């Protein structure tokens with residue numbers, strides 16, 4: 001945008017300069033043409049004087065005519081020595097007196113004529129007239145090499161074009177520099193908006209903006225405020241909905257878990273106790289015996305499906321609440337703290353050890369004592385989602401490893417990192433950018449999931465100004481998810 005404005009303004013300023021330069025050349029030529037016209041008039045006045053200077057010899061001598069230069073002609077030739085000449089010829093064009101190089105066509109009338117000729121590297125303006133002289137009808141010519149029009153044509157490049165080109169080039173450079181300086185606040189504003197994070201909806205300082213663009217900055221700030229209010233409303237809605245869903249889902253999950261236990265116990269007992277009155281078909285609450293019979297009536301498979309569904313729904317509500325709380329705008333009032341990543345990983349190992357053991361996975365830990373400044377509960381949520389994903393998608397007999405420590409970054413000193421690696425199916429390289437999107441799962445993925453785990457981890461990484469990367473695990477298998485914190 002700014003480059004286009006700069007080029008447009010530069011073009012609009014340079015074009016008039018070029019037009020002025022052309023006008024200057026034309027005016028310079030007109031000035032030379034006027035001076036040349038005055039020289040032509042001078043030559044016209046000298047032609048009769050040159051004709052009067054021709055004197056006929058005695059009729060008994062039979063010699064060529066003589067020349068007694070009139071004072072005006074003599075003064076002209078003396079003042080322009082080396083750049084002037086004359087000739088006297090008969091009606092046939094034969095030279096009688098003067099310089100042989102001053103020649104030309106013999107005029108057919110008595111009207112004076114002008115033409116130019118080149119001699120000795122000089123362009124001469126030649127005036128020719130046919131008329132009566134002391135020796136009869138002859139053709140007299142006088143040449144002038146100081147004609148301004150001829151000099152202007154010869155020195156066009158040096159005296160006219162080159163100075164104008166230098167002037168236009170210097171003006172273009174000066175205008176380019178001045179326009180760049182004038183547009184710098186606008187360029188800074190454009191860069192500030194371009195490189196701003198999508199999550200940064202803070203207003204732009206109008207006082208620091210040029211007065212010409214303050215209406216635009218005011219409109220942008222108004223738009224930022226509207227978008228921020230809309231995003232805040234959506235965040236509160238997601239948080240409230242997830243919070244309200246947690247309580248009934250927890251109760252439902254507890255009830256289903258109890259039914260599942262009773263159904264397994266009842267199905268294992270070959271002689272279930274008889275029931276006095278079928279609680280399932282009476283309009284009263286089920287007792288323990290009725291619940292057991294109801295569990296058997298529903299079937300262990302149906303109860304297991306219902307339990308899995310309630311677990312997934314509870315996990316979804318928990319992840320939605322975590323995603324909402326991980327929003328940077330909701331953390332402004334929560335000061336960051338010093339977080340021990342080694343203790344965090346060890347606590348997570350204890351939390352996920354039973355789940356990993358039940359699936360036949362080797363859950364390992366490779367940690368160093370490192371600390372970061374941030375929100376401990378968010379970093380725990382980040383690692384929980386990464387470890388839960390690794391356990392969920394790694395087949396039985398696989399290995400899942402949690403790591404934390406110091407790692408050399410691409411540039412600069414070593415940086416603190418968190419990492420979870422598994423030897424499962426991994427994520428294809430072409431899908432690694434999309435799995436960070438919310439509710440997106442790789443087509444054909446085994447198991448059940450919500451597609452929020454990596455999105456939550458990425459959101460929490462951004463809050464901590466860390467970078468989350470997906471790489472192939474050791475020996476070209478599995479997935480390694482690394483979070484690299486800033487120094």
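The values are calculated or read from the model by the stated rules, or taken from the named source; none is laboratory data. This structure is a prediction, so every number in the text was calculated from the model and none was measured. Positions of Cβ are generated from backbone atoms using ideal geometry, with glycine treated the same way; all protein chains shown enter the neighbour counts.
Listing for the model above:
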| item | result |
| --- | --- |
| Some residue of the stretch 373-381 being in contact with a strand residue (DSSP E or B) (Cβ under 8 Å, 6 or more places away or on another chain), over 19 Å from residue 457 (Cα atoms) and assigned by TED's automatic domain parsing to the domain that holds residue 400 | no |
| Lone qualifier among 465, 434, 415 - being over 21 Å from residue 351 (Cβ atoms), exposed (fewer than 15 other Cβ atoms within 10 Å of the Cβ) and modelled with pLDDT of 85 or more | 465 |
| Any hit, the stretch 341-353, residues being part of a helix (DSSP H, G or I), modelled with pLDDT under 95, within 38 Å of the chain's Cα centre (by Cα) and under 16 Å from residue 456 (Cβ atoms) | no |
| Among the candidates 58, 3, residue that is modelled with pLDDT under 80, more than 30 Å from residue 185 (Cα to Cα) and surrounded by fewer than 14 Cβ atoms within 10 Å (Cβ to Cβ) | 58 |
| Output for the stretch 115-129, where each listed residue is out of contact with any helix residue (DSSP H, G or I) (no Cβ under 6 Å at 6 or more places or on another chain) and surrounded by fewer than 20 Cβ atoms within 10 Å (Cβ to Cβ) | 115, 116, 117, 118, 119, 120, 121, 122 |
| Hits in the stretch 410-431 (condition: outside any strand (DSSP E or B) and farther than 18 Å from residue 392 by Cα) | 410, 411, 412, 413, 429, 430, 431 |
| Test set (1) on the phi < 0 side of the Ramachandran plot; (2) loosely packed, with under 14 Cβ neighbours inside 10 Å; (3) out of contact with any strand residue (DSSP E or B) (no Cβ under 8 Å at 6 or more places or on another chain); (4) assigned to a loop (DSSP other than H, G, I, E, B) - residue 369 fails condition number | (3) |
| Selection status of residue 445, at pLDDT below 80 and either in the same structural domain as residue 377 (by TED's automatic domain parsing) or assigned to a loop (DSSP other than H, G, I, E, B) (or both) | yes |
| Per-region count, the stretch 207-229, residues more than 17 Å from residue 184 (Cβ to Cβ), at pLDDT 80 or above and surrounded by 15 or more Cβ atoms within 10 Å (Cβ to Cβ) | 3 |
| Residues of the stretch 62-92 that turn out to be exposed (fewer than 12 other Cβ atoms within 10 Å of the Cβ), over 19 Å from residue 120 (Cα atoms) and either out of contact with any strand residue (DSSP E or B) (no Cβ under 7 Å at 6 or more places or on another chain) or without any contact (Cβ under 8 Å) to a residue 12 or more places away in the chain (or both), as a count | 4 |
